[in-house]
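Colleague: Have a look at this one before I ask anything.
Every number here is computed from the coordinates shown, using simple stated rules; none is lab data. On a predicted model such as this, the values are computed, not experimentally measured, just so you know. So basically every Cβ, Gly included, is an ideal-geometry build from the backbone, and we count neighbours across all protein chains shown.
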Amino acid sequence: MDLQLEDTDTLSGLEDRILRAVQLVGKLKEENAELKERLAAAESEASLAAAARADAEEALAAFKANAGKAEKELEVLQVERKQVKARIEKLLGQMDLLSAS
């Protein structure tokens, strides 16, 4: 009977280990599913961030283009201002000559 008791204990221990293994596998499957969800969420967030970055880069390029145009326009206006100032000074000089004579 002692042999039968040992067999029962061995079988009982094996059952316990199998039950623990099944529980562990179940827990690991749950964790795996959760990690897959978190990965999908992170990938989605990364995709949105990449799209936002691309939009920001496009906006920056457009801003730089507009800034370049504004700088050129400013240079043109400054040249025109100098020309108008010179013409006005010339006209004022001619008026001074008329008033002096």
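Colleague: For residue 92, are the conditions met, namely being loosely packed, with under 10 Cβ neighbours inside 10 Å and either touching a His at 6+ places or on another chain (Cβ under 6 Å) or not hydroxyl-bearing (Ser, Thr, Tyr) (or both)?
Modeller: Judged against the criteria, residue 92 is not a match.
Colleague: Would you say residue 19 is surrounded by fewer than 10 Cβ atoms within 10 Å (Cβ to Cβ), on the phi < 0 side of the Ramachandran plot and assigned to a helix (DSSP H, G or I)?
Modeller: The answer is no for residue 19.
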